[in-house]
Structures are given as structure tokens and as C-alpha cells.
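Nothing in this text is a laboratory measurement; each read-out follows from the coordinates by a stated rule. Only a predicted model underlies this, so the values are computations on that prediction, with no experimental measurement involved. No Cβ is skipped: glycine too gets one built from the backbone with ideal geometry, and neighbour counts run over all protein chains shown.
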Amino acid sequence: MSRLLSLLAFSLCLTTELLAGVGERPLSLVPQPNHLDILPGMFTVTDEVQLVVADDQLAGEGEYLKAALAEATGLDFLITKNVSANTSIVLKLDDSLSGDEAYRIRSSEKQYEIIGKNAAGVFYGVQTFLQLFPPLEKGAVNLPLISVDDEPRFEWRGMHMDVCRHFFSVEVVKKLIDEMAKYKLNTFHWHLTDDQGWRIEIKKYPKLTEVGAWRDETVVGHMAEAPHKFDGEKHGGYSTQEQIKDVVAYAAARHITIVPEIEMPGHAQAALAAYPWLGCFNDTLKPWTLWGVSEDVYCAGKESTFKFLEDVLDEVCELFPGEYIHVGGDECPKENWKKCPLCQKRMKEEGCKDEHELQSYVIQRMEHYLEKKGKKIIGWDEILEGGLAENAAVMSWRGEEGGIAAANLGHKVVMTPGNWCYFDHYQSTDPNEETAIGGLTDLEEVYGYDPVPVQLDKENQKLIMGVQANLWTEYIPTAEHLEYMIYPRLCALAEVQWTQPANKNFADFEKRMDDNYIRLAQDGIHLRIPAPEGLSPVEIFSSKEATIKLSCVAESAVMRYTTDGSEPTDFSKVYEGPFTLKLDGDVTLKVTTFLKGGTRSYTITSILKKQALKPVKLKNPKAGLQCSFYDGPFRSFNEVGGDETKTTIVEGLVIPDDMKDSYKGWEFDGYIKLPKDGVYYFLLDSSCGSGMYLGDQLVIDDDGFNYNCMRTGQVELKAGYHPIKLKLFNTIYGQSIKLSYKLPGSDKLIEVPADSFFSK
Ligand code: TNX
């Protein structure tokens, strides 16, 4: 009896919850519409609902919606031209709307109307409408009533993908295009040629793909690891013109334009491997097996190079109907040109005063060629060097400076600065992150980007066409890894691209993302599920009680933890708020995010230690740290040692110029003066493997071959002087080390001031 009662109570509770939920379920629209009202009442979607496509021009949108609705609900819908049923979803055009991509939604209990000036607007309205569906329910559903007047902030809402460093097939590209469409992006930048592979079939030059699309092997691990090791496996692939036409049409049906990138005059080794006469010295080359920038570039002296590039572009223009062709233009080493008699002759004839002007000659000549074919060019910001082609648009990647300079010269600009828009960067400081090139660009950083620089005056600000994220794939060998790097950052990017700054709010975005994590997972996307935050790999407490405070970007997710070293499961303890743990010896705390719908994040691991690190008394501390310089090579910061070559006192944590070199090691010794008692959060950012000790405790372990990787550690400390030791080694990539902290009670991350460091 009691069991029956509780069952009854359970089902009652369920029904009331369901009823209460109707209409109150928070909306999860991403990107946030620019004008949205939620109205009382609801619209019930059953298979009785008619899909009315009022205009033949909207046939594609109608079919798209029918298919998407079938997927969302499991129901079948009838498409008609006129309203004849009780309830209907109507797609229609209305000339009075302002922008080409603008749309309007009007709704009542009987009708949902999605209205655009053009098919593109209707398509975006359809995306907004589809995001009203709860991701985990099938069958008939109640939707809230909304009124929307919306249009994008930017006309160029891009996503880039490099299929050269690792090849990705057209299926992978289509899957990306599907998601781009759902989040209202409209430009796919397809990076098709580079040193490591040529990925587009060119009928006139078959060797480009026969030879240029295949490399013998690939460097293993990070380029910072030296000597380099190789996998010994042939890698490559390319897309045929038939496949490309299919993808272009597929994208067009989703209102996405594909901008192909054909790199020139640098990043061309794969082309030179196919046709050695394209280079200055006819050298026999192979598609490159390393990352970085090859010195072998197109010869700018020979006419045959230009004939080749024009022929290639002829075929490219046939395949891609869009307005822009991307001609690369970045990172072109000029060494060969300096030695090449034909390049030097060309410079004389054209009056180029240096090799930058020769590069500019190449780009300008190609611009004129493409202009005659009705195309515009866009290139990386290096195309500014040596004179910008008249009508070229600039993609600003080395910060915003290039974009600002180009706009001030009256050129159109797409912003893609590394700090905010490079999806090959890490997404957190946790050691579980998938391998990345280096750097840190987390969801909040992407979200916070504003592509319109305040330095530009109002008129020139209008030249910022938009913003795009770039995904370079040196360290991304698989489609799963690729998706991990793209999602959910693409959703934050979408809101930067679409939503006016006044309508953006990160906390609100976090809430709206909850359903979107589920949607992405349902689409079979291997996204990064937000991991728990607030813990470092090492946490040192001075007392026996550790207070643990966690957070997670996915707000409605559940965090589960264990303290016995085991992997958290569906049955592990749920984090319900800050809690304390007794520390009798070290405790291993593991925490995982569990999302509704069954997906989970990686597990973060933190070793909690009880260790009262006491400040020391110093009589007459001297300013600065002792920096010792060692001859390498080293494979770990632990190896740094032996007979030092030099020692000096440095002011702050800096490597003196005369101690900078490849394959070296450094050790910094001294004291850090801390201003107050409490928990300090430290962040170490170094060019290669490094570690930080306080006393004899290793607080941050950032060892191994990496580049600009960041790691954290948290320590409860008393004010005063604490012994500190930092070790670092490098191979070929620079030599930098930077320590930042958050003072107790503060959320502000600042570089540890130089005058905090002392030695005896
Ligand atoms: C720079 S961004 C490059 C690419 C690399 C990328 C790695 C740009 C125009 N050039 O060739 O893949 O850095 O982040």
C-alpha cells in the first residue's frame, strides 16, 4: 500500500512538474536574438500541424524544417502552400524587412510565422524556432510563444578549417557546415593548400594531388620536442572537384558561402614538390613533414609561376561562386628571393625596393587577374607589408593591428586575432586537455571578444565586415579532436558574430548553453563538455581542513566527486556547494561533470596536501632572483642542472638577453614576498617545460615538451618571505617564463610584481 502511495505521489509530482514546466522552461537560443519577447500561452506541436511554405523560393527552407522537425519530434509533417489546418507553421517572405538576413517571428496558439526578406532570413528564423524544442523530449511538445525581430551584427560570420596539416574529408566539412548553419554562421573558410599538403583537385595540374596531397610521414608530438620523431606513416588525401561542387551546394542550401584559400607566395612546398619549376631553384622537394614555415616558396621572378597561379585560380573560381577568394599571403620567407636572379631582376623591373614589395607585386598582380574574373581577394594581414592591393580585404590574425591599419586605409577587414579566435589553443589549464599548439582561449574569452576596435573612428568601424575563428590542424589528427577544439567555442563565437553587444551577457549565455551541449551531443558532436573548475592539480593547505569550492560553466550539470582515487560514476557524491575535507595525509580528489542526456566531461584530479609552508626570516634580503644558466639539451625541468655556464641576479622573473639560446636550461632561486595570509592561486606560463617549488613542495608541474602551456597550483600561505625555485628548459622555441597570481580573496589574475622577488 505504502509503495502504491509513493508511486502515486511520484507520478503526481511528475505531472505537476511537467505542467509547471510548460512555458517556463528557460529559452536556450544561441546566438541570442537582438529583439525577443516571450508571450503568454503556448503552441502545441503535433503531427496535425501544417507546414505552410507560402513562396516557392522557400521550398528548400520548408524541406529543411520538415526534416529537422522530424528529427526533433519523431513526427511527420505535411507541407502545403496555403493555411488550411487549425494550427500551422508558416514560412513567408516580406519585402518590408530591413536587412538581407533579417527575420521576424510572430506566434499565437494557432500559428507560428517565420518571416524573412529573403530565404536567408527565413532560414535563420527556422533555426531560432528549432531551438525552442526541448532537446530531450520526443513526440508532441508545447512551445512557448515568442515575438522576435532579429538580424545579425556582422555580415561575415566565419569559421575556418585547415585541411592541409591533417586532411579532413568532405563528410567532416559537411558536419561542420550543419552546425555552423544552426548557429547562424554564413562563411566557411576552407584552407586548401599549404606546405604539408595540397587538397584540391586541379585538372590542369594533376600532380598537385598525385604528389602534393601525400606526405611520407608526420612529425610526432609537439614541435617543441627535439630531436623530432616521425610516425613513418604516409598521410594525405584531397577533395575532387565533384566533391567540392557537392559541398558548395550543400553549404549554399544552408546559406553558407565557402571562401577557398589558395596560399601564395609562401606555404607552397607541396605545390613545389609536385612541380619543382615553381620554385626559385627547381629543387626536388617533398610535401613537408614538419610544422612551421617552409623557406621554399613560389618564385616571383618566373612568368611560369604566374601562369600556373592563374590556371589554378581559373578552376577555383569555377568551383566557388562566392565573392571572395583567399590568397593567403602570410608568413612568406624571403631568403630564396634574395638569392634568386629572376626574383632580383623582377624587383628591378618593377621598382621594388625590397622583397616585401615583391610579395606585394605578386598579390597585386593576382588581385588584378581575379578582378577581371569578377572576384575580390582577401588575405592575411602580411599583405599590408610592401603595399596593399587596391581592393583587397584583410584578415587580421597577428592581433588587431593589421585590421586597424587596413581599415584606416579604407579596406574591408575580417577580425581573427589569435588571443580570441584561435581554436587551436587550449581551452583550460587542466592537464587533461587535448593537445593544442599552445596558448589559452577559453569559452569566456571567445565570448568576450568585440571585433570593432575602439581605436577606429565611426566611419572606419563600418569596414569591419565581421569576425571568424581559425582552426589550424597541426596538432589535430582526428575528427573527434577537431570537434573537441571547435565546440562549444563555436557557440560563443556565434554570439560575437550575431548579437549586439548590449544584448550579450556571459552568465546568461552559460544558462542558454545547457540545452545546446545536449543538442551538440545528440548531433554526434564530440564536444568539450565543460569540466569542473576551481581546483588545481596540486592544492596545499596549512591546516587539516581543506575547503573545496567548485564551479562549472554548464550550470544545470551535476558535478560528482570521489576522494579515494577512483573515477567518479553516476553514483558518486554530488557536489552541492562548498564542503570541507579532513586531510590525514594526501587526498586525491577527482571530479567530473555529468550532463543531462548522459555525456560527461573528463575527470579533473587534484592532490590535496597538508603542508604548512612557513615564511622565513631574512635579515637583509637583496632585490632580485638568482638566475643560473645551464647547457642542455634537457628533456625535463628535473634534469636542469650540472655545471652552470652563467649565474646572475635578475630583477623579477626574466631571462637576461645574454642567457637566451636554444637547448638550454634555467633555474631561478630566491624568495617571493607575499603581502597577506590566505590562499594564493598561481599560474605559470612558459615557452617549454617548467616547474615551480615553494620550499621543497612542487606546486606547479608543467613539465614536458610543450609551447606556451599554462598550469596552476593553489597554496595556503602566510604573509612574508617564502623560498621559491623555478626551473625551465627549452629546445628551439624561445625562452620565456611568466608567473601570475591571484591574491587571497581576489579574482584578479596579475603578474607577480618584479619587486616581490628577493635573494639572500
Ligand atoms: C600561423 S594564422 C599560421 C598558420 C599556422 C598557425 C598556427 C596564419 C595566417 N598562419 O600557418 O598553422 O599560425 O596557429
Checklist entry - Size of the dipole of the range 538-610 about the Cα centre, Lys and Arg at +1 and Asp and Glu at -1 on the beta carbon, nothing else charged, in debye to 20? => result 60
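Report the gain in length on full extension from Leu342 to Lys203: 0.36 nm times residue separation, minus Cα-Cα distance, nm rounded to one decimal. Write down the numbers at each step before the final one.
Numbers: separation 139, 0.36 × 139 = 50.04 nm, distance 2.82 nm.
Length difference between fully extended and current span is 47.2 nm.
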Checklist outcome for this item: Residue ranges of DSSP H helices in the chain that stretch 27 Å or more (Cα, own long axis) and have mean Kyte-Doolittle hydropathy of at least -0.5 are 2-21
Checklist entry - For the range 259-394, with only Lys/Arg (+1) and Asp/Glu (-1) charged at the beta-carbon, what is the dipole magnitude about the Cα centre, in debye rounded to 20? => result 440
Checklist outcome for this item: Descending packing, highest mean Cβ count within 10 Å first, for 227-236, 263-272 is 263-272, 227-236
Item to check | Space enclosed by the convex hull of the alpha-carbon atoms of the range 246-339, per residue, Å³ | outcome: 118
Checklist entry - So, with +1 on the Cβ of K and R and -1 on the Cβ of D and E, and no other charges, what is the size of the charge dipole of the chain about its Cα centre, to the nearest 20 debye? => result 1380
Checklist outcome for this item: What the Cα atoms of the chain span along the principal axes, largest first and in whole Å, is 92, 90, 52
Checklist outcome for this item: Residue-normalised 222 nm signal for the chain, counting each DSSP H run of n ≥ 4 as -39,500 (n - 2.57), nearest 500 deg cm²/dmol, is -7500 deg cm²/dmol
Checklist entry - Taking the alpha-carbon centroid of each part, what is the distance from the range 105-157 to the range 638-706 in angstrom? => result 54
Checklist outcome for this item: The simple spin-label model distance between Ala405 and Leu36, using points 7 Å out along Cα→Cβ, in nm, is 4.0
Item to check | Per residue, the convex hull volume that the Cα atoms of the range 35-150 enclose (Å³) | outcome: 88
Checklist entry - Whose amide H sits under 5 Å from the amide H of Leu143, counting only residues 5 or more places off or on another chain, with H placed in the peptide plane? => result Phe43, Thr44, Val45
Item to check | Residue-by-residue Karplus 3J(HN,Hα) for the range 540-554, coefficients 6.51, -1.76, 1.60, Hz, glycine and proline x | outcome: 10, 10, 8, 10, 7, 10, 9, 9, 10, 10, 10, 8, 8, 4, 7
Checklist entry - In what sequence, highest mean first, do 303-314, 35-46 appear when ranked by Cβ atoms within 10 angstrom? => result 303-314, 35-46
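What are the semi-axes of the equivalent ellipsoid of the range 375-531, taken as the square roots of 5 times the eigenvalues of the Cα gyration tensor, listed largest first and rounded to whole Å?
Working: eigenvalues 177, 69, 33 Å².
The answer is 30, 19, 13 Å, longest axis first.
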Item to check | Paired Rg and Dmax values of the range 342-411, which use every Cα atom, in angstrom | outcome: 12.6, 35
Next on the checklist: Could you compute how fast the range 622-759 diffuses translationally, taking Rh as the Kirkwood radius over C-alpha pairs and applying Stokes-Einstein at 37 °C with viscosity 0.692 mPa s? Give it in µm² per second.
Outcome noted: 221
Checklist entry - How high is the relative contact order of the range 358-411, given as a whole-number percent (alpha carbon pairs under 8 Å, six or more residues apart)? => result 32
Checklist outcome for this item: Distance in nm between Ala85 and Val454 label points, each 7 Å along Cα→Cβ, equals 5.3
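Using 0.36 nm per residue, how much length does the chain from Ser98 to Thr478 gain when fully extended, once their Cα-Cα distance is taken away?
Values: separation 380, 0.36 × 380 = 136.80 nm, distance 4.24 nm.
Length gained, Ser98 through Thr478: 132.6 nm.
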Item to check | C-alpha center-to-center spacing [the range 478-524, the range 555-614] in angstrom | outcome: 25
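Based on the Cα coordinates of the range 538-610, what is the per residue volume of their convex hull in Å³?
Working: hull volume 6.2 nm³, N = 73.
Spelled out: Cα convex hull of the range 538-610, divided by residues, is 85 Å³.
Sorted by packing (mean other beta-carbon atoms within 10 Å per residue), highest first, where do 560-571, 125-136 land?
125-136, 560-571
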Next on the checklist: Which one, Cys317, Pro341, Gly329, is farthest towards the positive end of the dipole of the range 309-348 when Lys and Arg carry +1 and Asp and Glu -1 on their Cβ?
Outcome noted: Pro341
Checklist entry - Fully extended, how many nm does the chain gain between Leu749 and Asp311 (0.36 nm per residue separation, minus their Cα-Cα distance)? => result 152.4 nm
Checklist outcome for this item: Among Met180, Leu285, Leu29, the residue whose Cα sits farthest towards the positive end of the charge dipole of the chain, when +1 is placed on the Cβ of each Lys and Arg and -1 on the Cβ of each Asp and Glu, is Leu29
Checklist entry - For the range 160-522, what are the per-bin percents of Cα-Cα distances with bins 20 Å wide, up to the bin holding the maximum? => result 29, 60, 11, 0
Checklist entry - What is the chain's relative contact order, in percent, from Cα pairs under 8 angstrom and six or more apart in sequence? => result 9
Checklist outcome for this item: For the range 538-610, averaging the sequence separation of alpha carbon pairs under 8 Å that lie six or more residues apart and dividing by its residue count, the contact order in percent is 40
Checklist entry - the range 616-655: percent of C-alpha pairs farther apart than 17 Å? => result 47
